[in-house]
Structures are given as C-alpha cells and as structure tokens.
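S.K.: Right, I'll just put the structure down here and ask away after.
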Amino acid sequence: MTAPSLPFRQNLPVMALAIVAIALMVAIYFAPTWWVALKAPNYPPEAFPDGVRIHFHMNGVFNGCRKVESTEIREDQALDCVHEMDTINHYVGMYPIAAGGVIERAFSPFLVAMLGVMVVGFACSKRSLRLLLMGAGFATIVGWMTMTFFAEGGLHYQNAGYVESMVTSMDQEAGSEESEPEPSGIIARLKAEMAEVAARERGETATPATAGHTAEKSAKESYINSLRVTYDKDRERRGAGAVPAWTGSGHQLLLWHYEKSLGRYFNNPAEIGPLVAAMGTAFYVVFFGILVAMLALLVGAALGQGPLYWLLALVPALLPVFFIIDYSAWLWWYGHRLNDMGAFSVKPFMPTVFGDGKVAQFSTHSYPYWGFGLMLALSVVVAVMMILRRKMLNRAAGG
C-alpha cells in the first residue's frame, strides 16, 4: 500500500523548507565544523594567539592558525598548524591527522549529495515524480562516484579542497593564512599566475569571478600533479614492480596516501600493511553499502510511508549525531592506537571530544565551530519538514 499524493499547494511549506535544507548542506560542506587547539608554555600567546589550532571540515583537516602581525613578530604566512600538531603528537606515538577519517573524507561529496537527493525526495509529494528525481539523482551520484574512484584521472572529479588537504598533509605545500582553507604564499601566487595566463590565452580580461574559478581549477591541477610526482618518486624508490603505475584514480590515491600517512613517522611495514588492507576492505564495504542504501531508499520512496520512507528525512536530520559519533570514534582510535616507536611512552587515553583537557604539559581544547551550528540548523529544518509531512499524511488518511 502506498501513501496518497498531496495537493501541490498544501505541500509548498515542505518544498520551501527542502530548499533551505539543501542550501544549508552546501554551506555545511565548505564550513569548518569543529576546531581543536593545543596550548603550552613553549607556544606563547604572542606568537600563537589561538594555540596550535586546526579546523575539521567534511573534506579534510585544515590550518586554523592565523598570521601574526605585531611590532615584535611579523609573518609572511601563517604557521602550518596541521603539521605542527602532527609533530607534537608523534612524540607520544600518535599517527598523523591524515590517517583518520580516510573513508569519510573521500566519500564526503557523494554522501552530502546523497543527503540532498533524499531531502528532495522526501519533499516531493507525487510518487512518480519522487521516484524520477531520486532515481536520476542517485544514478548521477553513482556515476560520479565510480568515475572518481576507478577511472584514470578520476581525481579531477574530486573536489579541490579534498585534493588540497591530501597535498598539504604530506608537507608538499604550506597551509592557509587564515582560519579558512584558502591557500596562501606559493599556492596563492601560483593560482593567480595560472588564472592570468589562462585568461590571456583566451583573450579575456580576468574578472574576480572568472579568475577565481580558473584559479581553483588550475590549483587542483597543480595539487594533482604534485601528488603524481610524489607518487612516482615513491614508486621509483620502492621499485616499479612493487607499486603500480600512477592512474590518478581516487581509490589509488586513498590507499597510497593512507599508507604514506601511517609511515610518515613510524615506518613499520609489518604494522602498516594490515591497516592498509583493512582500509581497502572498508572502502569497498562503504562503496557497495551506498549502492544498497540507495536501492532501499528508492523502495521507501515508492511506498511513500513506513520506516524506509521516513529515513529520507531522519538521516539528514541526524547529521550532527553522526558527526559526533564518527569524530569521537576516531579520537578513541588515535588515543588507543599509539605506536611503540614514539619518543615517549604514555598509556592509551581518550582525547578530549568536547571541552578542555590536559595531556602532559599541553592543555587541549576541542569545540564545535560554526559549521556544526549549521548542522544543528539543518536538523531543525528537516524536523519541521517531518512534522508537517506527518500532519499532511494524517489529514489525507482521515479524509
């Protein structure tokens, strides 16, 4: 039995809220969601006003340190605090930041797009139109995801922020000069120069909008090329027979980068090998799990009622909860997967998820940022959509 269709005018409030929810999802994807900072006497506030600070985004971890301008100190660009925090953490045997959230970061654009399709499907009251929109949306995401992870040069279909974070985590370039992941220094100049060259070749005058778009594409090409060069050097060092040739696929980069991140400070192949193999398995579980979830959601969309149908809205509404669970799980992994090659031996511990803590001489600070506020706003918007839809269905059933 399927739920009855609802009149278009009666469904307008839900459709309007769906548009708001989509806009919030776009903003959430590019917003800093959480921040973490370390403070210690050897990092004075005059040079480190926010401590050693990093920002968590859905597609990567970026520099949270600001450029210091004072009479005593002058910086051309901000310190790369992602690298600085990795350096601090490795003394106690903690793996680099890039070793966490590997699957989540790689799949983030597809998962967010999937949530957007689910909200659109939930907002649509006509069964046939709902199935058409969701089927087309899911098919597009599957094609995009497959091309990104398995096609040669698939990284060109991945978002620029993700590729940038993969480069900066390997110290190939510096981080950002402000709290947002906008490149500075060499990267900024490279972007501007490439944008100007591209504009001149087309005989155009680069406006701020076109220059920014061209610079973003050029920067991503530069990041991918940097990764390719590093990969080829690593392949040459290890022997061509031990490492396959560079294809530029998202799957290849994910596993290779994960292996390099794990071995950055603690090059122990016997320990790293099983972790990489497990991550490879997790990748396929998530990839095909997404396909199965899409099919199940299409069944729910066809029914227009029941648990599968309500998942279309419930999952996006619980995005803050999923983030906290995933964030906490990775913090636990970092604190309980300490490498014996660390300079100092400490007992396994749970890093601070929310609030202030203490580790050795460092005070730790972990708090939500404005992107998490947008997540909470999304939860409220989708919850209101669910309430309105329930009332409409009850009235339709009663009528």
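The values are calculated or read from the model by the stated rules, or taken from the named source; none is laboratory data. Worth saying up front: this structure is predicted, and the values here are computed from it rather than measured. No Cβ is skipped: glycine too gets one built from the backbone with ideal geometry, and neighbour counts run over all protein chains shown.
S.K.: A293 - would you say it is farther than 30 Å from F138 by Cα, in contact with a helix residue (DSSP H, G or I) (Cβ under 9 Å, 6 or more places away or on another chain) and either of a type outside the set (S, T, N, Q) or at pLDDT 90 or above (or both)? Break it down stepwise before answering.
M.R.: Numbers: farther than 30 Å from F138 by Cα: no; in contact with a helix residue (DSSP H, G or I) (Cβ under 9 Å, 6 or more places away or on another chain): yes; either of a type outside the set (S, T, N, Q) or at pLDDT 90 or above (or both): yes.
Here the answer is no, as A293 does not meet what is asked.
S.K.: If I filter segment 383-390 for residues that are under 21 Å from the mean Cα position of the chain (by Cα), assigned to a helix (DSSP H, G or I) and surrounded by fewer than 18 Cβ atoms within 10 Å (Cβ to Cβ), do I get at least one hit? Break it down stepwise before answering.
M.R.: First, pick out the residues of segment 383-390 that are under 21 Å from the mean Cα position of the chain (by Cα): none.
No, segment 383-390 contains no residue that is under 21 Å from the mean Cα position of the chain (by Cα), assigned to a helix (DSSP H, G or I) and surrounded by fewer than 18 Cβ atoms within 10 Å (Cβ to Cβ).
S.K.: A further question follows. So how many residues does segment 82-105 have that are more than 18 Å from the chain's Cα centre (by Cα) and hydrophobic (A, V, I, L, M, F, W, C)?
M.R.: The number of residues fulfilling the criteria is 4.
S.K.: Continuing with this model, one more query. Can you pull out the residues in segment 34-63 that are closer than 16 Å to D326 by Cα and either surrounded by fewer than 20 Cβ atoms within 10 Å (Cβ to Cβ) or of a type in the set (F, W, Y) (or both)?
M.R.: Within segment 34-63, the first condition is being closer than 16 Å to D326 by Cα, and the residues that meet it are 34-36, 55-61.
Within segment 34-63, W34, W35, F56 qualify.
S.K.: Going through segment 351-374 one residue at a time, which ones are within 23 Å of the chain's Cα centre (by Cα) and of a type in the set (A, V, I, L, M)?
M.R.: Selection gives V353, L374.
S.K.: Here is a further query. Among the polar types (S, T, N, Q), closer than 28 Å to F362 by Cα and assigned to a helix (DSSP H, G or I) - does that describe any residue in segment 116-134? Walk me through it before giving the result.
M.R.: As a first pass, look at segment 116-134 and keep what is among the polar types (S, T, N, Q): 125, 128.
Cutting the leftovers down to closer than 28 Å to F362 by Cα gives us none.
So far as segment 116-134 goes, no, none of its residues is among the polar types (S, T, N, Q), closer than 28 Å to F362 by Cα and assigned to a helix (DSSP H, G or I).
S.K.: Here's something else I'd like to know. In segment 163-183, how many are at pLDDT 80 or above and touching a strand residue (DSSP E or B) at 6+ places or on another chain (Cβ under 6 Å)?
M.R.: Residues meeting the conditions: 1.
S.K.: When the residues of segment 232-253 are narrowed to those that are of a type in the set (A, V, I, L, M) and over 19 Å from the mean Cα position of the chain (by Cα), which ends up surrounded by the most Cβ atoms within 10 Å (Cβ to Cβ)? Before you say what the answer is, go through the steps one by one.
M.R.: As a first pass, look at segment 232-253 and keep what is of a type in the set (A, V, I, L, M): 240, 242-243, 245, 253.
Applying the additional criterion that residues be over 19 Å from the mean Cα position of the chain (by Cα) yields 240, 242-243, 245.
Values: A240: 10, A242: 9, V243: 17, A245: 9.
For segment 232-253, the residue satisfying everything is V243.
S.K.: Looking for whichever is modelled with pLDDT of 90 or more and either in contact with a His (Cβ under 6 Å, 6 or more places away or on another chain) or part of a loop (DSSP other than H, G, I, E, B) (or both) here; the options are A23, A37, A27. Which one fits?
M.R.: A37
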